[in-house]
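This report concerns only the one structure given below.
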């Protein structure tokens, strides 16, 4: 019991230490969005256009671009929660995981996405969600299982975005991101 309590307190301390970094990431997305809004959303041309050579540049830029303030707001909350939890595994892990998710989900969208522009951080959100669930399944440790349970309880509706529901939602990106997060843990 004492070991679990120490682990929990250490994790809580680490979580609190990285909250400003997670807030900083969200703040950068909001600053980019305000700039994009001021440019009348012309930066969205840097999104992913499936199977178009120009669309390849979007693999790197699409997670930073959003359709409108509502779109960014809806991505910001789960992104903050999941990113904060993932910082428990270290900053290097966050960077590596994010790069894998961005590249894998971007390529998935570019190869298999529906025609049109694909933008938003939701593929990264889904990748983080998949990572947290996969760590809990793979390690069978108490803390990752508690984190996964909290995420499923509060963010369980994210599962619905893995399937085609709305025409304007890139479920292909959500699925590719989710698989990238899981794949990062197992491969």
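The values are calculated or read from the model by the stated rules, or taken from the named source; none is laboratory data. Being a predicted model, the structure only gives us computed values, none of them experimental. Cβ atoms come from the backbone with ideal geometry, glycine included; neighbour counts cover every protein chain shown.
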Residue count, region 150-168 (criterion: free of Cβ contacts under 8 Å to residues at least 40 places away in the same chain, part of a helix (DSSP H, G or I) and exposed (fewer than 13 other Cβ atoms within 10 Å of the Cβ))
4
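Scan the helices (runs of 4 or more DSSP H) fully inside region 8-127 and keep the ones with 3 or more residues being closer than 22 Å to residue 147 by Cβ.
Answer list for region 8-127: 69-86, 91-112.
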Any idea how many residues of region 98-119 are surrounded by fewer than 22 Cβ atoms within 10 Å (Cβ to Cβ), within 14 Å of residue 184 (Cα to Cα) and touching a residue at least 24 places away in the same chain (Cβ under 8 Å)?
4
Being without any contact (Cβ under 8 Å) to a residue 40 or more places away in the chain and closer than 23 Å to residue 95 by Cα is true for just one of 48, 57, 26. Which residue is that?
57
Any residue at all in region 42-51 that is loosely packed, with under 14 Cβ neighbours inside 10 Å, under 25 Å from residue 107 (Cα atoms), within 17 Å of the chain's Cα centre (by Cα) and at pLDDT 95 or above?
no
